[in-house]
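The values are calculated or read from the model by the stated rules, or taken from the named source; none is laboratory data. Just so we're clear, the structure is a prediction, and the values are computed from it rather than from any experiment. Cβ atoms come from the backbone with ideal geometry, glycine included; neighbour counts cover every protein chain shown.
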Amino acid sequence: MIPVFSLAPRKKSEQVETIISDIAKHIRFRLVEETDAVFILSLRLDPVKNRFVSPVKDDVEAQKQWIAEYKKRETAKEEFYFIIESREGEPLGTIRLYDFRDDSFCWGSWILKHEAPPYASLESALSIYEIAMKRLGFRQSHTDVRKGNTPVQNFLLQFGAEIVGKDDINVYFRMTEEAYEQAKKNYRRFLLENV
């Protein structure tokens, strides 16, 4: 596993908080903290939202422990787990960067609460690609989506990802930096002007 900041950070000393700031018009990301355990658990236990994510126990302390272990991986720059928030600070969902392989990254743990505004999904996808490709220096993503999760499969295809494989459980996608650039042009109105 290659630490992400060895790839192409804008500045070697740049903090994650700087890299994730000022991308989308209506949302922002912040790094997950143990105090987010109840919110994360509420998303992951929702029977509509949890059909395609790893199962978890209804145990806030276990979720806090998982976050504490994750924070070690965050410190080692092996993965980044974010709370998606409104610009006013209301939690809307989660999203995660992980499985860094040379010039490729995976993203997932993408769950938005039922009350999230419609633009939150598009802005969070634009933001995760902007962070990974333009601010951290990755050139492509590799993503696995459960076969039954057709809404996310369709979203990725419309966004510009291509199917690169299938098995009994997953459909595998790749999104290149060039495809992201086209998506960015198509959805420019959802980004801040400086992006």
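Might you check whether a residue that is part of a helix (DSSP H, G or I) and either exposed (fewer than 14 other Cβ atoms within 10 Å of the Cβ) or touching a residue at least 60 places away in the same chain (Cβ under 8 Å) (or both) occurs anywhere in segment 25-33? Break it down stepwise before answering.
From segment 25-33, those part of a helix (DSSP H, G or I) are none; that's our starting set.
There is no residue in segment 25-33 that is part of a helix (DSSP H, G or I) and either exposed (fewer than 14 other Cβ atoms within 10 Å of the Cβ) or touching a residue at least 60 places away in the same chain (Cβ under 8 Å) (or both).
So that you can scan it fast, the table gives a plain yes or no per residue for (1) more than 17 Å from residue 16 (Cα to Cα); (2) at pLDDT 95 or above; (3) not hydrophobic (A, V, I, L, M, F, W, C):
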residue	(1), (2), (3)
66	yes, yes, no
74	no, no, yes
111	yes, no, no
118	yes, no, yes
139	yes, yes, yes
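Would you check which residues across segment 135-156 are in contact (Cβ under 8 Å) with a residue 12 or more places away in the chain and outside any loop (DSSP other than H, G, I, E, B) and list them?
Pass one, segment 135-156, residues in contact (Cβ under 8 Å) with a residue 12 or more places away in the chain: 135-149, 152-153, 155-156.
Across segment 135-156, the qualifying residues are 135, 140, 141, 142, 143, 144, 145, 146, 152, 153, 155, 156.
Can residue 95 be described as over 16 Å from residue 132 (Cβ atoms), at pLDDT 95 or above and of a type outside the set (Asp, Glu)?
So residue 95 does not fit the description; no.
For residues that are in contact with a Leu (Cβ under 7 Å, 6 or more places away or on another chain) and not in a loop (DSSP other than H, G, I, E, B), scanning just segment 36-80, find the one that is surrounded by the fewest Cβ atoms within 10 Å (Cβ to Cβ).
60
Being touching a strand residue (DSSP E or B) at 6+ places or on another chain (Cβ under 8 Å), surrounded by 15 or more Cβ atoms within 10 Å (Cβ to Cβ) and within 21 Å of residue 131 (Cα to Cα) is the filter here; which residues of segment 154-171 pass it?
Selection gives 156, 159, 160, 161.
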